[in-house]
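This report concerns only the one structure given below.
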Amino acid sequence: MKKTKNIVLVTLLVLIVGFIYYYIALPPINIHAQGFWYFIISVLAITTVICLITTAIKNVKSHGHVQNINDFVITASDFKSKRVLMSFAITLCAIIIFIIGSILSSPIVNADKYQKLINIDTRDFSADIEQISYNEIPLLDRESATLLGSRKMGSMVEYVSQFEVSNAYTQINFNGSPVRVTPLDYGSPFKWFSNHSDGIPAYIRIDMATQDVECVKLESGIKYSKSDHFGRNLYRYLRFKYPTYIFNEPSFEIDDSGVPYWVCPVKDYSIGLFGGESIKNVVLVNAITGEHVNYKIGDVPTWVDHVYSADLLIRYYDYYGTLKHGYLNTLFSQKDCLKTTDGYNYIALDDDVWVYTGVTSVGGDESNVGFVLMNQRTAETRYYSVAGAEEYSAMSSAEGQVQHLGYKATFPLLLNINNEPTYFIALKDDSGLVKKYAMVNISKYQFVAIGDSVLECEKTYTTLLRSSGITITEEAKTQTITGKITKIAEAVIEGNSHYYVMLSNSNDIFDVSVINALEMMKYDIGDFITFTYSKGSDCNVVVGIGKTK
């Protein structure tokens with residue numbers, strides 16, 4: 001009878017502790033989830049400890065009355081109990097299985113499988129990425145959007161005392177415009193208690209192109225969120241509805257009508273127990289009603305933008321680029337090893353959000369061999385072979401043009417300007433406000449244009465490209481002229497020397513960039529010269545100097 005009572009007591013204690021752990025940690029009941037193994041090992045370890053304590057108490061009681069506290073000290077004989085030994089053995093087996101499973105799931109023994117997690121499609125930059133209009137260019141980075149969101153919240157007197165802005169700031173395409181959206185959060189557990197019956201009343205939407213900030217008020221409040229508690233906490237709500245699903249971090253998005261949703265990707269593992277992470281399903285949760293729909297990866301609505309996280313997509317390419325010749329090659333010779341650069345940004349393409357990042361060698365040089373675009377909804381990955389400056393080198397070039405102002409560059413955005421891959425960079429002051437814009441040619445990052453507006457920056461950049469002979473349009477095909485120099489004027493544009501020349505047999509002005517035609521320095525007024533040039537509206541751009549007869 002006492003033995004049965006002890007077993008029931010131990011079982012009850014384990015169940016209580018296990019339930020509390022499960023309710024707080026919310027591990028999925030899935031052998032591919034590391035959290036599930038942490039849960040199992042923790043419960044087994046607690047069971048072992050409880051068995052050990054109850055065995056010690058039993059042994060003390062079997063030797064008579066307790067005389068002092070030392071009678072309760074656990075001795076070596078207590079470890080010899082069959083229950084303790086069995087519980088300890090099961091716990092040890094679980095730990096061994098977890099360790100072996102982790103090793104067998106790693107790239108160390110599965111390099112080829114990891115390298116083939118994604119398919120890379122090599123594409124043409126000019127054909128894929130069209131020059132976009134200014135109202136489609138996201139001018140703000142996440143930090144600037146966060147600053148604007150906080151300022152907007154500070155002006156909402158009816159909300160600021162009870163709610164705070166979430167740090168989500170998900171970048172999406174909303175009706176053709178790049179925006180960031182983020183919900184409000186309850187300010188504290190006490191404020192949740194006062195407001196949870198009505199829910200969160202609004203979310204913030206920031207237009208990344210116009211920099212307009214709107215607090216979107218909802219007719220019915222958000223009832224399911226990350227800042228809610230108990231059954232309406234998003235993580236707990238998902239776990240109890242889908243106990244076996246391994247969820248990636250949910251993203252806050254809005255559909256085409258502005259209705260808030262939580263986009264909850266479901267992870268799957270194809271390599272061993274814990275390796276080869278991919279996305280197999282997406283659960284959409286209406287943030288207001290809690291209605292949830294489970295979609296297969298190929299059936300996700302097109303308005304959804306965040307299925308694959310940027311970090312997961314970047315890991316995919318790093319596996320692809322570094323494991324071509326096996327895992328050991330990444331440690332020693334590093335032959336043909338490529339990796340993504342530090343940092344990434346987003347661009348809008350085909351009504352989807354694509355992650356952009358550069359590709360460089362593992363040697364740590366400051367140049368890129370190309371870049372990749374990765375679709376966050378489908379995981380489609382495109383590679384573009386464009387050699388040029390690494391992003392942080394371009395940022396330094398832009399900062400160098402305004403070093404007297406002390407502005408700091410944001411991480412670049414990739415644009416197509418006159419079929420030239422171009423870094424677009426916002427320049428911010430110490431308070432985080434965008435003051436100027438820069439465009440840096442990827443292939444020749446010494447060509448930097450600065451402007452107070454995007455239009456001014458683009459105009460200066462286009463002029464710089466034309467004057468340097470980089471861009472030659474169809475209507476500006478090259479021609480040749482030979483004549484006597486009648487006038488020469490020198491000017492410096494964006495740090496580059498230019499000669500403006502007139503010839504005796506033409507009324508046009510010829511722009512000669514020293515970078516492309518250094519031999520111009522050998523000529524003076526009265527000399528004969530031959531120019532190869534492209535026709536321009538204000539002046540002709542010289543692309544070469546030939547010998548005169």
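When segment 1-29 is limited to residues that are open to solvent by less than 40 Å² (accessible area, probe 1.4 Å), touching a residue at least 40 places away in the same chain (Cβ under 8 Å) and within 36 Å of the chain's Cα centre (by Cα), the one that is nearest to LEU104 (Cα to Cα) turns out to be PRO28.
For segment 335-384, the set of residues classified as part of a strand (DSSP E or B), aliphatic (A, V, I, L, M) and open to solvent by 30 Å² or more (accessible area, probe 1.4 Å) consists of LEU338, ALA348, listed by residue number.
Within the bounds of segment 287-294, is there any residue that is touching a residue at least 40 places away in the same chain (Cβ under 8 Å), surrounded by 19 or more Cβ atoms within 10 Å (Cβ to Cβ) and among the aliphatic types (A, V, I, L, M)?
So in segment 287-294, the residues touching a residue at least 40 places away in the same chain (Cβ under 8 Å) come out as 287-290, 292, 294.
This time we only want the ones that are surrounded by 19 or more Cβ atoms within 10 Å (Cβ to Cβ), so: 287.
Filter again for among the aliphatic types (A, V, I, L, M), leaving 287.
Yes, segment 287-294 contains a residue that is touching a residue at least 40 places away in the same chain (Cβ under 8 Å), surrounded by 19 or more Cβ atoms within 10 Å (Cβ to Cβ) and among the aliphatic types (A, V, I, L, M).
Among residues of segment 206-246 being free of Cβ contacts under 8 Å to residues at least 24 places away in the same chain and closer than 26 Å to PHE36 by Cβ, the one that is surrounded by the most Cβ atoms within 10 Å (Cβ to Cβ) is ASN233. Within segment 219-247, being in contact with a Pro (Cβ under 9 Å, 6 or more places away or on another chain) and farther than 22 Å from TYR203 by Cα holds for ARG239, TYR242, PRO243, THR244, TYR245, ILE246, PHE247. Residues satisfying the criterion are present in segment 145-160 (criterion: in contact with a helix residue (DSSP H, G or I) (Cβ under 8 Å, 6 or more places away or on another chain), without any contact (Cβ under 8 Å) to a residue 60 or more places away in the chain and outside any helix (DSSP H, G or I)).
Listed by first and then second residue, the pairs with beta-carbon distance under 7 Å, at least 6 apart or on different chains, first residue in segment 393-408 and in contact (Cβ under 8 Å) with a residue 12 or more places away in the chain, second open to solvent by less than 40 Å² (accessible area, probe 1.4 Å) and of a type in the set (Asp, Glu), are TYR407/ASP429.
Per the listing ASP124, ASP128, the residue uniquely open to solvent by 80 Å² or more (accessible area, probe 1.4 Å), at pLDDT below 95 and either farther than 13 Å from TYR327 by Cα or within 28 Å of the chain's Cα centre (by Cα) (or both) is ASP124. When segment 165-205 is filtered for residues that are farther than 13 Å from ALA287 by Cα, open to solvent by less than 10 Å² (accessible area, probe 1.4 Å) and in a loop (DSSP other than H, G, I, E, B), only TYR169 remains.
Looking at the structure I just gave you, is SER431 within 28 Å of ARG142 (Cα to Cα), open to solvent by 10 Å² or more (accessible area, probe 1.4 Å) and without any contact (Cβ under 8 Å) to a residue 12 or more places away in the chain? Judged against the criteria, SER431 is a match.
Would you confirm whether or not segment 309-332 contains a residue that is small (Gly, Ala, Ser), open to solvent by 50 Å² or more (accessible area, probe 1.4 Å) and either over 26 Å from GLN446 (Cβ atoms) or over 13 Å from the mean Cα position of the chain (by Cα) (or both)? Write out each step before concluding.
Quick first cut of segment 309-332, residues small (Gly, Ala, Ser) only: 309-310, 321, 326.
Next cut, open to solvent by 50 Å² or more (accessible area, probe 1.4 Å) only: none.
No, segment 309-332 has no match at all.
Residues that are under 25 Å from ASP128 (Cβ atoms) and charged (D, E, K, R) were ranked within segment 420-458; the one that is nearest to the chain's Cα centre (by Cα) is GLU420.
The condition (being open to solvent by 50 Å² or more (accessible area, probe 1.4 Å) and either among the hydrophobic types (A, V, I, L, M, F, W, C) or at pLDDT 95 or above (or both)) is satisfied by just one residue among ALA394, ALA409, ALA438, ALA387: ALA387.
When only residues in segment 268-285 that are surrounded by 17 or more Cβ atoms within 10 Å (Cβ to Cβ) and without any contact (Cβ under 8 Å) to a residue 40 or more places away in the chain count, which is nearest to ASN233 (Cα to Cα)?
So the first thing to find is which residues in segment 268-285 are surrounded by 17 or more Cβ atoms within 10 Å (Cβ to Cβ), and the list is 269, 271-279, 281-285.
Now narrow it down to the ones that are without any contact (Cβ under 8 Å) to a residue 40 or more places away in the chain: 277, 281-282, 284.
Details: GLU277: 26, ASN281: 21, VAL282: 18, LEU284: 15 Å.
That would be LEU284.
Counting only helices (runs of 4 or more DSSP H) that sit completely within segment 1-106, those holding 2 or more residues that are at pLDDT 85 or above, in contact with a Phe, Trp or Tyr (Cβ under 7 Å, 6 or more places away or on another chain) and farther than 25 Å from TYR237 by Cα correspond to 82-104.
Would you mind stating whether LEU52 is on the phi > 0 side of the Ramachandran plot and out of contact with any Leu (no Cβ under 8 Å at 6 or more places or on another chain)? Give the derivation first.
Values: on the phi > 0 side of the Ramachandran plot: no; out of contact with any Leu (no Cβ under 8 Å at 6 or more places or on another chain): yes.
No: the conditions fail for LEU52.
Give the residue, chosen from MET520, MET502, that is among the hydrophobic types (A, V, I, L, M, F, W, C), more than 13 Å from GLY546 (Cβ to Cβ) and either in a loop (DSSP other than H, G, I, E, B) or modelled with pLDDT of 80 or more (or both). On inspection, the qualifying residue turns out to be MET502.
The values are calculated or read from the model by the stated rules, or taken from the named source; none is laboratory data. Owing to the predicted nature of the structure, the values given are computational and were not obtained by experimental measurement. So basically every Cβ, Gly included, is an ideal-geometry build from the backbone, and we count neighbours across all protein chains shown. The protein model used for the area step is the full one, side chains on, heavy atoms only, and it has no ligands, DNA or RNA in it. Shrake-Rupley method; radii C 1.70, N 1.55, O 1.52, S 1.80 Å.
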